[in-house]
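What follows is a short report on a single structure.
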Amino acid sequence: MCDWIQREFHCGHFRWIVSRWCPDYLRTQLRCPLSVTHYEFRGDEQCSHCKPRQTQPWEKFIRQHTNLNQTVGP
Ligand SMILES: [Zn+2]
Ligand SMILES: [Zn+2]
């Protein structure tokens, strides 16, 4: 089984980060059941989803483009 780290953030969300792929995975590329071997608490960090980020100009363009597609849909 692969080793996973469960990381808890200040916002209360969790992320699972693999710390070691087992030989089975490396051979078959099939994910094993999640087995958490290590827990971390990042009390001073938000997860990537909650973290306020700087909006890049190209991201704004993509969002506008996506909205346009939605209004055109059925
Ligand atoms: Zn594995
Ligand atoms: Zn979060």
> With all protein chains present and a 1.4 Å probe, how do TYR39, TYR25 order by accessible area, largest first?
Replying inline: TYR39, TYR25
> What ranking of PHE14, PHE9, PHE41 comes out by heavy-atom accessible area, probe 1.4 Å, highest first?
Replying inline: PHE41, PHE14, PHE9
>> Using each residue's phi in the range 48-60, evaluate 6.51 cos²θ - 1.76 cosθ + 1.60 at θ = phi - 60° and report the 3J(HN,Hα) Karplus result to the nearest Hz, with x for Gly and Pro.
In response: 4, 6, 8, 4, x, 10, 7, 7, 7, x, 6, 5, 4
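The values are calculated or read from the model by the stated rules, or taken from the named source; none is laboratory data. What you see is a predicted model; the values in this text were computed from it and never measured. Just so you know, the surface numbers come from the protein's heavy atoms only, side chains and all, with ligands and any DNA or RNA stripped out. Shrake-Rupley method; radii C 1.70, N 1.55, O 1.52, S 1.80 Å.
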